[in-house]
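These notes are about the structure you will find just below.
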Amino acid sequence: MLENRRILLIVSGGIAAVKAPDLIRRLRERGAHVRCILTKGGAHFVTPLTLAALSGDKCYQELFDLKDEAEMGHIRLSREADIILVAPATADIMAKMVTGQADDLATTALLATDKPVMIAPSMNVMMWTHPATQSNLQILKDRAVKVVGPSAGDLACGEVGNGRMAEVSEIIAALTRFFQKSDGQGPLTGLRALVTSGPTHEPIDPVRYIANRSSGKQGHAVAAALAELGAQVTLVAGPTAEPDPDGVKVTHVETAKQMMKACTEALPAEIVVCAAAVADWSPQNADQKIKKGADKTPELKFAENPDILATLAQAGPTRPKLVIGFAAETENLIEAAKTKRAKKNVDWILANDVSPGSGTFGGDSNTVHLVTAEGVESWPTLRKRAVAERLAERIATFVERNL
Ligand code: CTP
């Protein structure tokens with residue numbers, strides 16, 4: 001994916017600049033052409049000679065130092081790249097990108113470019129979490145700047161927290177994803193995914209039904225995120241107000257039994273994500289509308305619905321390689337999720353609290369805990385779209401390692 005891609009690497013002034021040589025080496029191993037701009041700050045951590053030697057090109061530093069016609073100014077530098085990668089990206093360079101300052105070669109190239117830009121932020125945890133940086137980050141994201149990292153861990157300043165530059169391998173993976181996507185491909189290209197979403201409606205009679213508060217937002221977002229990464233996605237959706245996601249085949253159903261049937265018909269698939277809030281029981285429904293009567297209050301009799309997730313996760317030669325479910329709980333969240341994972345033979349469970357105060361059902365955010373065979377990973381409260389993207393990324397990593 002990186003073969004013959006032209007990457008303009010801007011190395012700004014953070015301690016993570018020491019990772020630039022390794023980054024350049026690994027990019028070139030993959031056939032990429034790397035050209036470097038080193039800021040004044042960056043030059044405190046890594047020498048231009050190192051970057052020039054490893055990239056096999058001049059390391060550009062000064063805005064006004066064209067020695068001859070053959071040398072390149074900031075405009076050409078920024079245009080003759082397929083992507084500009086700022087790694088590390090300091091709080092300072094992010095702020096300058098936001099305000100459009102152009103007081104050195106790096107910031108001028110960033111302002112002059114018509115090419116995509118990716119940043120790998122690196123800074124002290126307080127600088128990272130400062131509202132100024134966070135609001136700059138949001139502005140850059142809104143301008144379609146791609147962001148890789150940072151991650152949490154020990155920082156060079158001695159503090160611990162978020163702010164470590166993404167690992168070189170993560171930056172390479174992000175670049176690979178970027179180019180895959182621009183080629184209309186993704187890490188999940190060639191794989192089939194089945195996603196369930198929304199509530200089910202279980203009829204009582206021709207005009208009445210039993211439902212639940214699921215909005216379908218999370219399941220639909222998962223289907224969209226998997227499609228974004230190139231998977232061929234079938235979404236089996238209960239009744240929701242959510243629009244059909246782009247690039248996804250959608251089968252609309254009402255009842256749990258219909259959902260079960262549609263899922264079985266959608267197989268085979270390598271990946272299954274069951275996000276639907278399937279009714280556990282359906283009432284024995286009447287063919288005709290149940291009428292009021294002085295002496296008869298209707299009594300509902302229930303029969304258990306098929307468990308779609310457990311059915312799809314059953315061991316066997318056609319079992320999808322990765323089966324993921326949600327656990328909607330109002331108490332003992334993690335323990336109940338672990339039990340559900342084992343009981344239903346599921347690979348991963350996303351446990352979420354659906355107590356009335358949590359705002360999960362119907363809301364736009366979700367706080368989930370990813371329960372796998374390796375353990376429990378608690379994610380911060382995220383928009384449902386972000387939860388879906390994070391899950392899709394995790395699935396892509398699983399696919400890279402296992403499929
Ligand atoms: N699920 C399913 N079919 C069902 C019931 C649940 O596919 N008939 C799936 C859901 O999509 C979810 C997972 O199973 O991924 C767990 O659903 P949840 O409602 O949390 O649990 P239940 O299995 O219904 O158990 P309980 O209601 O007792 O907690």
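The values are calculated or read from the model by the stated rules, or taken from the named source; none is laboratory data. Remember, it's a predicted structure, so these values are computed and weren't measured experimentally. Virtual Cβ from ideal backbone geometry, glycine too; neighbours counted across all protein chains shown.
Of the strands (runs of 3 or more DSSP E) lying entirely inside segment 154-227, those carrying at least 3 residues that are outside the structural domain of Thr240 (by TED's automatic domain parsing) and surrounded by fewer than 20 Cβ atoms within 10 Å (Cβ to Cβ) are 160-164.
Residues Lys338, Lys292: which one is in the same structural domain as Ile395 (by TED's automatic domain parsing) and among the basic types (Lys, Arg)? Selected residue: Lys338, the only one of Lys338, Lys292 that is in the same structural domain as Ile395 (by TED's automatic domain parsing) and among the basic types (Lys, Arg). The residue that is surrounded by the fewest Cβ atoms within 10 Å (Cβ to Cβ), among those in segment 228-267 that are of a type in the set (Gly, Ala, Ser) and assigned to a helix (DSSP H, G or I), is Ala262.
Of the residues making up segment 291-338, those that are under 30 Å from Ala266 (Cα atoms) and of a type in the set (D, E, K, R) number 6. Taking the residues in segment 97-118 that are in contact with a helix residue (DSSP H, G or I) (Cβ under 8 Å, 6 or more places away or on another chain) and of a type in the set (S, T, N, Q) as candidates, determine which candidate is farthest from Cys36 (Cα to Cα). Only one residue fits best here, namely Gln101. Evaluate segment 385-403: report whether one residue or more is basic (Lys, Arg) and within 23 Å of Pro239 (Cβ to Cβ). There is at least one residue in segment 385-403 that is basic (Lys, Arg) and within 23 Å of Pro239 (Cβ to Cβ). Which of (1) surrounded by 16 or more Cβ atoms within 10 Å (Cβ to Cβ); (2) at pLDDT below 95; (3) assigned to a loop (DSSP other than H, G, I, E, B) does Leu77 not meet, given it meets every other one? Against the list (1) surrounded by 16 or more Cβ atoms within 10 Å (Cβ to Cβ); (2) at pLDDT below 95; (3) assigned to a loop (DSSP other than H, G, I, E, B), Leu77 comes up short only on (3).
Yes or no, residue by residue, for (1) within 25 Å of Ser215 (Cβ to Cβ); (2) buried (at least 18 other Cβ atoms within 10 Å of the Cβ); (3) within 9 Å of the ligand (Cβ to nearest atom):
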site: Pro298; (1), (2), (3): no, no, no
site: Phe302; (1), (2), (3): yes, no, no
site: Ala315; (1), (2), (3): no, no, no
site: Ile324; (1), (2), (3): yes, yes, yes
site: Ala342; (1), (2), (3): no, no, no
site: Val346; (1), (2), (3): yes, yes, yes
site: Val354; (1), (2), (3): yes, yes, yes
site: Gly363; (1), (2), (3): yes, no, no
site: Thr372; (1), (2), (3): no, no, no
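Could you check segment 326-340 and list, in sequence order, the residues that are among the aliphatic types (A, V, I, L, M) and near the ligand (Cβ under 6 Å from one of its atoms)? Correct list: Ala327, Ala328. Taken over segment 255-282, residues that are away from the ligand (no atom under 14 Å from the Cβ) and charged (D, E, K, R) amount to 2.
For (1) modelled with pLDDT of 95 or more; (2) in contact with a Gly (Cβ under 9 Å, 6 or more places away or on another chain), each residue gets a yes or a no:
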position: Arg319; (1), (2): yes, no
position: Glu329; (1), (2): no, no
position: Ala336; (1), (2): yes, no
position: Lys344; (1), (2): yes, yes
position: Leu403; (1), (2): no, no
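Being in a helix (DSSP H, G or I) and closer than 26 Å to Ala174 by Cβ is a description that applies to Asp92.
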